[in-house]
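Asks: Okay, here's the structure, questions in a sec.
Bear in mind these aren't lab numbers, they're just calculated from the coordinates by the rules spelled out. Source: prediction; values computed, not measured. Heads up, the Cβs are rebuilt from the backbone with ideal geometry, glycines too, and the neighbour counts pull from every protein chain shown.
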Amino acid sequence: MFDGSIAAGCAPAAGAQNPRSIAEVVRMVNTLEKPLELPCFLAHLAGPLQMTAALSTASAQASFDRRSPRIFVFLDPLVFTVVPEGSGRDLLEFGERRGDARSLKGEIAFPVTSELTPGAPFEHIIFNEQYSTCAFCHADETRAPDIPFARAFESLALRPLDKAVISLDELRSEVRSCDAESDPYRCAMLHALFDRDGVIQRDFPESYGTL
Ligand code: HEC
């Protein structure tokens, strides 16, 4: 069980470059000590991060609470998403941008206890022979031709509704007031993202659709 602390060993390595694809996330996870908790992975990301936070009432990482929105981090062309509490809180979800309005999908469940295969993020979301679990909401799903080593899918990319977006200033005050005694995991997630040189508001591409 997560004890609420982000260990000193979770800091970014000197000169570390952030991953920009699902494949690079797998390589990074494999270099880090196991068991690896999601807040520790996030704390390993270097430098300023560009992100959007939003309520998410219909996703695999639902958030109905302004204090714990779904957070979308942009490591172009990769977007990953996390949510500090709720049933999706141990998931790192990916949408690696493909063209104007599509993304390659993948997901890693934490804690990670052993080395991941390159195919693991794609195998984790398989629903049946034909579809991934993401296809229920992300329409127009097709096999990703550039991932020959796994059954990988790309589909329409989605962005939050404007009215669901929560400003990073509002979220920053949640980080400051977070009580690690009563809310260890949520606080660790928020601190891992916000305790860094810069957190920059980033809008989604207009070309992404909404649900
Ligand atoms: C129940 C509907 C639903 C399911 C199932 C779902 N999503 Fe989403 N997803 C959304 C919605 C809605 C958005 C827009 C942002 C928001 O409201 O959270 C979104 C946005 C995203 C984004 C942001 C950009 C992009 O590339 O689309 C990613 C990444 C993402 N989802 C990953 C996934 C993955 C991976 C899966 C499958 C494991 C998945 N989603 C399954 C509803 C869903």
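Asks: How many residues are assigned to a helix (DSSP H, G or I), more than 16 Å from ALA43 (Cα to Cα) and not charged (D, E, K, R) if we restrict to the stretch 153-211?
Replies: Residues that pass the stated criteria total 5.
Asks: If we scan the stretch 32-42, do we find a residue that is more than 14 Å from the chain's Cα centre (by Cα), outside any loop (DSSP other than H, G, I, E, B) and of a type outside the set (Lys, Arg)?
Replies: Looking for residues that are more than 14 Å from the chain's Cα centre (by Cα), outside any loop (DSSP other than H, G, I, E, B) and of a type outside the set (Lys, Arg), one finds at least one in the stretch 32-42, hence yes.
Asks: Determine, yes or no, whether THR52 is under 11 Å from the mean Cα position of the chain (by Cα) and surrounded by 21 or more Cβ atoms within 10 Å (Cβ to Cβ).
Replies: no
Asks: Also, I was wondering about something else. Give the residue that is farthest from GLU123 (Cα to Cα), with candidates limited to residues of the stretch 156-171 that are within 17 Å of the chain's Cα centre (by Cα) and not hydrophobic (A, V, I, L, M, F, W, C).
Replies: Filtering the stretch 156-171 for residues that are within 17 Å of the chain's Cα centre (by Cα) and not hydrophobic (A, V, I, L, M, F, W, C), the one farthest from GLU123 (Cα to Cα) comes out as PRO160.
Asks: Considering only the stretch 39-47, I want to know if a residue exists there that is among the aliphatic types (A, V, I, L, M), away from the ligand (no atom under 14 Å from the Cβ), within 22 Å of GLY106 (Cβ to Cβ) and surrounded by fewer than 19 Cβ atoms within 10 Å (Cβ to Cβ).
Replies: yes
Asks: Among the residues of the stretch 171-183, are any within 12 Å of the ligand (Cβ to nearest atom), over 25 Å from ARG202 (Cα atoms) and not polar (S, T, N, Q)?
Replies: No, the stretch 171-183 contains no residue that is within 12 Å of the ligand (Cβ to nearest atom), over 25 Å from ARG202 (Cα atoms) and not polar (S, T, N, Q).
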